Amino acid sequence: MARKVLVLGEVRDQSLRNVSFEAIAAGKTIAEGGEVVAVLLGDNVSALSTELIHYGADRVVAVENEKLQTYTPDGYSQALLSVISEENPEGIVFGHTALGKDLSPKIAAKLGSGLISDATAIEVTGGNVVFTRPIYSGKAFEKKIVTDGVIFATIRPNNISPLEKDDSRSGDTSTLSVDIKDLRTIVKEVVRKASEGVDLSEAKVVIAGGRGVKSEDGFEPLQELANVLGGAVGASRGACDAEYCDYSLQIGQTGKVVTPDLYIACGISGAIQHLAGMSNSKVIVAINKDPEANIFKVADYGIVGDLFEVVPLLTEEFRKLKV
Ligand code: FAD
């Protein structure tokens, strides 16, 4: 059954986040041959429309308004609900990002629809669109279908592959003028924490440190390895609690959920709360002095050893491969 599916293109610092392209691929599956319409919200964002089309969107609708310059639940809800009422989609897809997690339940409640959150896979079988999503902190997966109303889902970044970029694709782009009513929240200024390079939640390679890293300086060899591999540094709560690094790096049940191609856990014991945030990574490498450490149970490759010896050796070898 062909459907019209609306996909949110998420913009940060005037460029599209990768999850937007993954959402288009998810939208294509749900659309079953129907139309995928990408939506851009912001101030001066319509220049990004072409890229969405190159990644598979059939059409792009941009809502440009200075009140949408930074994300506010109020402003984005008003803009999106206007697009939804104009387009009347049968499916909606957002990334399961901080923004998507905040906005999707609000929109679903306004529409009176259900919401399948944090989908890691979507397929069409037996005439149904079937979503796979983790439950019990990632220890099990459930499959869900929507039997009535709009098919609304958020997708976990790094799980659904984007379509191959095709620069020859073309599609309609338009703008929709929306009168955004007074916002209850006004963002005066966004102050970003200084962070080196790659965004942790979208990184293809994550080098994570635990209490075994022993100090703030102990993260330096991890950062070096991350730089060589073009990855991001993450941490266990143990390391954050010990003030070796900032809580924004925390991975796990109460931190970020990451699914990179490669996850290297350094000096992390592998508590269930940590595994909840990383056990779906494609390849897991664990470095730990303790051969009995729980992290080895989920690791594809285990190195029993001192991280301060092993990590610099890995960095050196990967550096050689890059030359
Ligand atoms: P530890 O358990 O102390 O492990 C340190 C490891 O380093 C050990 O295995 C040790 O053998 C190894 N090691 C030491 N020195 C070296 C060395 N030189 N070389 C190699 N290995 C070495 N935790 C999270 O991570 N994320 C969460 O989101 C999270 N949420 C939580 C929510 C709740 C409600 C609760 C109760 C707990 C939560 N925790 C979370 C905490 C979790 O239970 C663990 O306490 C925490 O993950 C432990 O961190 P760690 O593995 O770094 O430290």
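Just to confirm the filter: which GluC sites (Glu not before Pro) across the range 215-323 are DSSP coil and have at most 11 other Cβ within 10 angstrom of their Cβ?
Here the sparse-neighbourhood loop sites are Glu243, Glu292.
Counting alpha carbon pairs within less than 8 Å and at least 6 residues apart, what relative contact order, in whole percent, applies to the range 119-175?
Answer for the range 119-175 is 29 percent.
Averaged per residue, what accessible area in Å² does the range 245-323 show with a 1.4 Å probe, protein chains only?
Roughly 52 Å² per residue, with all protein chains present.
Would you tell me the accessible area of Leu111, worked out with a 1.4 angstrom probe on the heavy atoms of the protein chains, in Å² to the nearest 10?
60 Å²
Sequence-distant or interchain residues sharing an amide H contact under 5 Å with Thr173, placed H: which?
Val60
Choose one of Gly277, Leu200, Leu249: the residue whose Cα lies farthest towards the positive end of the charge dipole of the range 182-285 (beta-carbon charges +1 Lys, Arg; -1 Asp, Glu; about the Cα centre).
Gly277
Given contacts defined as C-alpha pairs under 8 Å and at least six residues apart, what's the relative contact order of the range 15-159, whole-number percent?
24 percent.
Ignoring ligands, DNA and RNA, please state the percent of accessible area on the chain from carbon and sulfur, probe 1.4 Å.
Carbon with sulfur: 48 percent of the solvent-accessible area.
Which one, Gly100, Val124, Val61, is farthest towards the positive end of the dipole of the range 23-127 when Lys and Arg carry +1 and Asp and Glu -1 on their Cβ?
Sorting the options by dipole projection puts first Gly100.
Which loop-located chymotrypsin sites (Phe, Trp or Tyr not before Pro) does the range 287-323 contain, where loop means any DSSP state but H, G, I, E or B and the Cβ has at most 10 other Cβ atoms within 10 Å?
Passing both the DSSP loop test and the Cβ count: no residue.
Please list the equivalent ellipsoid semi-axes of the range 154-300, computed as the square roots of five times the alpha-carbon gyration tensor eigenvalues, in descending order and whole angstrom.
Output for the range 154-300: semi-axes of 34, 21, 15 Å.
Two decimals is fine: what is log10 I(q)/I(0) at q = 0.08 Å⁻¹ for the chain, from a Debye sum with one equal scatterer on every Cα and no solvent?
-0.41
Which entries in the list Lys256/Lys289; Lys144/Lys193; Lys256/Lys297 go over 28 Å, if you measure between the two C-alpha atoms of each?
Lys144/Lys193
Give, rounded to the nearest 20 debye, the magnitude of the charge dipole that the chain has about its Cα centre when Lys and Arg contribute +1 at Cβ and Asp and Glu contribute -1 at Cβ.
For the chain, the charge dipole is close to 660 debye.
With a 1.4 Å probe and every protein chain left in place, tell me how much accessible area Arg156 has, in Å² to the nearest 10.
For Arg156, solvent-accessible area is about 20 Å².
Roughly how many nanometres apart are two label points built 7 Å out from the Cα toward the Cβ at Glu86 and Asp246?
3.7 nm
Along the charge dipole of the chain, which of Ser20, Ile30, Leu41 sits closest to the positive end, that is, farthest toward it, with unit charges on the beta carbon of Lys, Arg, Asp and Glu (+1, +1, -1, -1)?
Farthest towards the positive pole: Ile30.
The values are calculated or read from the model by the stated rules, or taken from the named source; none is laboratory data. Keep in mind the model is a prediction, meaning the values are calculated, not measured. Heads up, the Cβs are rebuilt from the backbone with ideal geometry, glycines too, and the neighbour counts pull from every protein chain shown. For accessibility, only protein heavy atoms count, side chains too; no ligands or nucleic acids. Shrake-Rupley method; radii C 1.70, N 1.55, O 1.52, S 1.80 Å.
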